[in-house]
1. Free of Cβ contacts under 8 Å to residues at least 12 places away in the same chain, at negative phi and hydrophobic (A, V, I, L, M, F, W, C), is that true of ALA160?
2. Would it be correct to say that GLN313 is outside any helix (DSSP H, G or I), among the polar types (S, T, N, Q) and touching a residue at least 60 places away in the same chain (Cβ under 8 Å)?
3. Please state which one of ALA138, ALA114 is assigned by TED's automatic domain parsing to the domain that holds LEU70 and in contact with a Leu (Cβ under 6 Å, 6 or more places away or on another chain).
4. Which residues, counting only those in the stretch 42-68, are of a type in the set (A, V, I, L, M) and either in contact with an Asp or Glu (Cβ under 8 Å, 6 or more places away or on another chain) or closer than 22 Å to VAL171 by Cα (or both)?
5. What are the pairs with Cβ atoms under 6 angstrom where one residue, in the stretch 3-23, is touching a residue at least 12 places away in the same chain (Cβ under 8 Å) and the other, located anywhere, is part of a helix (DSSP H, G or I)? Sequence gap at least six, or different chains.
6. So in the stretch 74-92, with the set limited to residues that are surrounded by fewer than 17 Cβ atoms within 10 Å (Cβ to Cβ) and among the polar types (S, T, N, Q), which one is modelled with the lowest pLDDT?
7. I'm trying to understand the selection: among the residues of the stretch 29-67, which are acidic (Asp, Glu) and either surrounded by 14 or more Cβ atoms within 10 Å (Cβ to Cβ) or assigned to a loop (DSSP other than H, G, I, E, B) (or both)?
8. Being at pLDDT 95 or above, polar (S, T, N, Q) and buried (at least 18 other Cβ atoms within 10 Å of the Cβ): is that true of SER233 here?
Amino acid sequence: MSYKDQYIERYAGVETVERKHGDKQETIICIIPPTLAEQEIKLEIAFDLNNFKQGQYGEFSLNGFLNRYLAGSRSLKESRSVSRKRLALVSSQIGFVDPEAIDLVTQMARYQQAREILAANKRLNLKVLLDVNRLLEAEHKKAGNIRKNQNWIGGKSPMAAYYVCPPAEQVEALINDWLGFVNNADLAEDVIAIVGHNQLLNIHPFADGNGRTGRVFLQSRLEQKYGDIIHPSLYRLHKQKDTYIEAIQSTLRAENFSAPVHDYWQESLSWGDRLKRRMYQILADGQAKLNGRLAMRALSANGKKLLDHLWVQPIVCEKGLFKHFGWDFFTAQAAIQELINCKILEARRLRQPEGAIIYDCPLMFATWQQLDDAIFLKEEETDAA
């Protein structure tokens, strides 16, 4: 069977339109997702999430911790080579120069900002959507605009692509329909989240950053109903990618709007909930080890603030504490010395910047390492341990 025949078979029953593409004016088959405004959507969705006690650990945010895996085009797997220590050095304000780590820290901050924008805008308009894409794809000159050209997914050309997106001239109407759907107050948040996420990726309205924009939309809308979750995208580390693609493309066929939601969503969100439980146990164990170092010592108010800050910034210096707390050098030094005396912080001299001194928390990095390991450890390995 030719590649074209495979493509036609893959999208049998889905609306398509033919277009001419490239210098040779070859025929391509563009996929047209069904409009949502007039659909009677009866997806069966029921997730049981966050039904367990979740402690508070200083300034720590699990979602903030996980942003590194969601924030950029290279962040899910490729950027694992950037260690947590490198990220902490860059964000400590000590002046450590590490372009790869700086890039990832910047992406993480933008992703977090995009989440906050979507959380603050329960009703979306085109400007907010474009602003989110511009924020997530700031390095791309066409970011924050609806695409004017044909795009596709997989393959070097649309003639060899896994999926050819709708023609550019249809994108505006599809996005307006999408906005009407996601702002429909009569629909459940999880229906809006999953169908809206799928539709956004199937439209692929931007020149770049579609995946990131879709990820942050999905997360923000699921969290409106369930609170903080482990992003379903991380489940892809444990499943074949095609499962995720099948889940996205399941809503290309209108008949699936009245069927049970694709298995991927139940599996991924349930997996994330189990992972979250394990991660909170790791956090509790880390807190117990810190408490052991304190050995009943009463910290000053500033010492407690610094200890809370170490949960998100395990490498500190006086300049960074001035930026975060507004402390002068001597106030910062006093709090740092308290935690050195408790064997929670250790002083280290850097080669770059030459002679600079930072203070790090090995216990916190050990806890962080366990959290990262839990993400990539298969559940059967966890059970065996």
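The values are calculated or read from the model by the stated rules, or taken from the named source; none is laboratory data. Fair warning: this is a prediction, and the values are worked out from it, not measured in the lab. Note that we place each Cβ from the backbone using ideal geometry, even for glycine, and neighbour counts take in every protein chain shown.
1. no
2. yes
3. Going through ALA138, ALA114 in turn, the sole match is ALA114.
4. If the condition is that a residue be of a type in the set (A, V, I, L, M) and either in contact with an Asp or Glu (Cβ under 8 Å, 6 or more places away or on another chain) or closer than 22 Å to VAL171 by Cα (or both), then ILE45, LEU49, LEU62 are the ones that fit.
5. From the stretch 3-23, the pairs are VAL14/LEU252; HIS21/PRO158.
6. SER81
7. Across the stretch 29-67, the qualifying residues are GLU38, GLU40, ASP48, GLU59.
8. Answer is no for this residue.
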